[in-house]
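Each remark here refers to the structure printed beneath this line.
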Amino acid sequence: MRAKQQDAASAAEPNSSTVVDGMVERILRGMIASGAWDVPTCTVGCDCRPFIEKVYATTAAHAAVARRAATESAVLLKNSPPAGAARPALPLRRGMRVGLVGRACYAPPHIDLRTASWMQGDYYVIGGSGRVVASPNRTRSVHQALVAREVDVVLSPNDSVPAALAVAYAGVDVLIACGGATTTEAKDRESLQLDQHQFLHALGANLSATPAAPALITLAMAPGHFDATWAVNSSAAMVMFLGGEGTGEALADLLLGTESPSGKLPLTLPLNASDMVQPCTTANCSYDEG
């Protein structure tokens, strides 16, 4: 049987271009008949703004896919029992009073492209030609999603360490801190640190030095590799990378134990940023590290 197949392949080889042309023609005829190309086109960066701003994927099926994709991409980096506790920090127990600190927990889900560049990313999506604008009626921040689940939240919506510590000692059972980073196509990130890197480090160091401090849970929304050395002072740490419009809802489900953070890391997190290829700061970049 194998010999016959080889003979057939050999016989077709002189006319292989004709065979391929025939395959392509069948595909193209189907696309033309279905109207696949009968849609408006634009040039990215020039005249695509109306399409980016006005086209929404708003069906219930779209929303379900977005939420499931975000949920399944979360990776639990750490989950240890806080000092003196018998069970891990996650999932949260019902009835807990939760402190929520950091701008990334509170920031609006998407930047407003009517006033910002289409190349600008946020803590939910990457900026550039693949920029997606989700329905504003169903896209929630971590804070909004927890409040919608009637969690008792004490909030500090900024990256102030004193404000975060005030929340930590306001009678909360657990403290959740968020960090994020943004990125765009055609440009390297300036560093592997989250925007809240120093905030997370200082907050964790302060809490670890106080025996009566609540357990610290850190959440990261990162576009790729990141320096997670702040996690040493966290009882639990989780990363979702950039999960899109379902980020807030998914993180709330994961924190409360409705869903399990079963994602796997698609990359290696460095112990030190110096272990990684450094960002390029010149116009022409050579990526020759192999």
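Assorted remarks:
- Heavy-atom accessible area, probed at 1.4 angstrom with all protein chains present, ranks Lys264, Lys187, Lys78 as Lys264, Lys187, Lys78, highest first.
- When its C-alpha radius of gyration is set against 2.2 N^0.38 Å (N residues), the chain gives a value of 1.27.
- Accessible area (Å², 1.4 Å probe, nearest 10) - Arg131: 20
- Residues of the range 93-109 with an amide N closer than 19 Å to a point placed 7 Å from the Cα of Asp152 along the Cα-to-Cβ direction: 93-101.
- If R0 is taken as 30 Å, the Cβ-Cβ distance between Ala209 and Leu265 corresponds to a FRET efficiency of 0.50.
- Most to least accessible of Trp118, Trp230 (protein chains only, probe 1.4 Å): Trp118, Trp230
- Of all beta bridges that DSSP places with both ends in the chain, some 20 percent have antiparallel geometry.
- √(5λ) per eigenvalue of the Cα gyration tensor, the range 138-228, largest first, Å: 25, 18, 9
- Calculated FRET efficiency for the pair Thr59/Gln120, C-beta based, R₀ 35 Å, to 0.05: 0.85
- Thr281, Thr210, Thr184, Thr43, reordered so the largest accessible area comes first (probe 1.4 Å): Thr281, Thr43, Thr210, Thr184
- Calculated FRET value between Gln278 and Thr41, using beta carbons and R₀ = 35 Å, to 0.05: 0.35
- Separation of the Tyr287 and Ala86 label points, Cα + 7 Å toward Cβ, nm: 5.1
- Under the Karplus curve 6.51 cos²θ - 1.76 cosθ + 1.60, θ = phi - 60°, whole-Hz ³J(HN,Hα) for the range 61-75, x wherever Gly or Pro sits: 5, 4, 4, 5, 5, 4, 5, 5, 4, 5, 4, 6, 8, 6, 10
- Beta bridges by DSSP in the range 123-282, antiparallel share as percent, to the nearest 5: 10
- Surface accessible to a 1.4 Å probe, Ile111 within the full protein complex, Å²: 40
- Close amide H pairs (under 5 Å, H built 1.01 Å from N) link Ile176 with Gly99, Leu100, Val101, Ile217, residues at least 5 positions away or on another chain.
- Helical runs (DSSP H, four residues minimum) scored at -39500 (n - 2.57) apiece and divided by the length of the chain put the mean residue ellipticity at 222 nm at -9000 deg cm²/dmol.
- In terms of the mean number of neighbouring beta-carbon atoms within 10 Å, the peptides 237-249, 21-33, 190-202 order highest first as 237-249, 190-202, 21-33.
- For the range 150-162, Karplus couplings with θ = phi - 60° (6.51, -1.76, 1.60), whole Hz, Gly/Pro x: 6, 7, 6, 10, 10, 10, 10, x, 10, 9, 8, 5, x
- Counted by Cβ distance under 12 Å from Leu92, the other residues give a net charge of +2, where Lys and Arg count +1 and Asp and Glu count -1.
- Per-residue ³J(HN,Hα) for the range 168-179, Karplus 6.51 cos²θ - 1.76 cosθ + 1.60, θ = phi - 60°, Hz, x for Gly and Pro: 4, 9, 9, x, 7, 8, 8, 10, 10, 10, 10, x
The values are calculated or read from the model by the stated rules, or taken from the named source; none is laboratory data. Please read these numbers as outputs of a predicted model, since none were measured by experiment. A quick note on method: Cβ atoms are made from the backbone with ideal geometry, for glycine too, and the neighbour counts reach across all protein chains shown. For the accessible areas, the whole protein counts, side chains as well, though only heavy atoms, and no ligand, DNA or RNA atoms are used. Shrake-Rupley method; radii C 1.70, N 1.55, O 1.52, S 1.80 Å.
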